[in-house]
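Each remark here refers to the structure printed beneath this line.
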Amino acid sequence: MTELRGRRVTLRPATPADVPALAAIRARPEVRRWWRGGDDLAAEVAEGLTDPATPVLAVGYAGRVVGAVQWYAEEDPDYRHAGIDIYLDPAVHGRGLGGEVVHTLACYLIEVHGHHRLTIDPAADNAAAIRCYRRVGFRPVGVLRRYERGADGSWHDGLLMDLLADELTDPAPGH
């Protein structure tokens with residue numbers, strides 16, 4: 001893959017040159033709350049780019065990198081599906097870009113990789129992310145109790161959502 005294009009966004013494989021911008025976005029409190037990380041976010045972002053099982057795509061908008069989206073695939077033929085994770089710069093929140101990014105990647109995973117089912121697992125209290133994923137067609141499957149550890153060391157619930165290929169919807173721009 002070289003580049004995927006949405007209406008307003010582009011998705012391309014992230015490179016080491018993207019690390020400073022992505023680490024700065026991950027450091028923003030609104031993003032760090034959900035994605036966490038240690039003291040050296042640049043090293044964590046750089047390391048994430050080296051895992052071929054989880055491709056990381058830089059999200060471009062208005063001529064700059066505004067976030068990242070990554071995916072992984074379960075290739076066992078009896079359980080085959082793909083999962084998605086995303087973060088965007090809070091400066092572009094509220095513009096419908098998250099839905100556009102997820103929709104663009106979902107189309108690629110369905111059309112090019114032949115996935116019939118996609119999953120995403122936001123924190124159960126991340127209402128904005130859940131609304132975004134619903135607009136693309138994801139549906140709640142169930143609560144993953146005490147799914148992830150927060151920065152304070154306590155456990156928090158996650159929401160497992162999935163999307164079947166024929167349920168994919170195109171979110172209206174700006175929502």
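The values are calculated or read from the model by the stated rules, or taken from the named source; none is laboratory data. All values reported here derive from a predicted model rather than from experimental measurement. Ideal geometry is used to build each Cβ from the backbone, glycine not excepted, and the neighbour counts take in all protein chains shown. To get the accessible areas, we keep the full protein, side chains included, count just its heavy atoms, and leave off ligands, DNA and RNA. Shrake-Rupley method; radii C 1.70, N 1.55, O 1.52, S 1.80 Å.
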Self-check item: For GLY137, distant residues with modelled amide H under 5 Å away
Solution: THR169
Quiz item: For segment 44-150, what is the accessible area per residue in Å² when the probe is 1.4 Å?
Solution: 48
Quiz item: What would the Debye formula give as log10 I(q)/I(0) at q = 0.17, 0.21 Å⁻¹ for the alpha-carbon point model of segment 89-143, no solvent?
Solution: -0.58, -0.84
Self-check item: Inter-label distance for ALA91 and THR50, nm, one decimal - labels placed 7 Å from Cα along Cα-to-Cβ
Solution: 3.0
Quiz item: Once Lys and Arg get +1 and Asp and Glu get -1 on their Cβ, which of VAL56, PRO29, THR15 lies farthest toward the positive end of the dipole of segment 1-79?
Solution: PRO29
Quiz item: Given the Cα-Cα distance of HIS116 and ASP170 and 0.36 nm per residue of separation, how much length would full extension add, in nm?
Solution: 17.8 nm
Quiz item: Out of VAL112, VAL101, HIS156, whose Cα points farthest toward the positive end of the dipole of segment 85-175 (charges: +1 Lys, Arg; -1 Asp, Glu; placed on Cβ)?
Solution: HIS156
Exercise. Collect residues whose amide H, placed 1.01 Å from N in the peptide plane, falls under 5 Å from the amide H of HIS115; neighbours closer than 5 in sequence don't count.
Key: ILE110
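Could you tell me which of rounded, prolate or oblate describes segment 108-175, using a ≥ b ≥ c as the square roots of the eigenvalues of the alpha-carbon gyration tensor, with rounded for a/c under 1.5 and, failing that, prolate when a/b is larger than b/c and oblate otherwise?
Because a/c hits 1.5 or more and a/b exceeds b/c, segment 108-175 counts as prolate.
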Quiz item: From the square roots a ≥ b ≥ c of the eigenvalues of the alpha-carbon gyration tensor of segment 38-89, which class results: rounded (a/c under 1.5), prolate (a/b over b/c), or oblate?
Solution: oblate
Quiz item: Counting only protein heavy atoms and using a 1.4 Å probe, what share of the accessible area of the chain belongs to carbon plus sulfur, as a whole percent?
Solution: 51
Self-check item: Relative contact order %, the chain, counting alpha carbon pairs below 8 Å whose residues are six or more apart
Solution: 19
Exercise. Could you tell me whether segment 2-63 comes out rounded, prolate or oblate from its Cα gyration tensor? Rule is a ≥ b ≥ c as square roots of the eigenvalues, rounded for a/c under 1.5, then prolate if a/b exceeds b/c, otherwise oblate.
Key: oblate
Quiz item: Where does the Debye-calculated log10 I(q)/I(0) of segment 1-122 sit at q = 0.09 Å⁻¹, using only Cα point scatterers of equal weight, no solvent?
Solution: -0.23
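Taking the Cα centre as origin and putting +1 on Lys and Arg beta-carbons and -1 on Asp and Glu beta-carbons, what dipole magnitude results for the chain, to the nearest 20 debye? Walk me through the numbers before you get to the answer.
Working: 20 positive and 25 negative charges, 149 e Å.
Rounded to the nearest 20 debye, it is 720 debye.
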Quiz item: For segment 93-144, what is the charge dipole size about the Cα centre, in debye to the nearest 20, if Lys and Arg each add +1 at the Cβ and Asp and Glu each add -1 at the Cβ?
Solution: 180
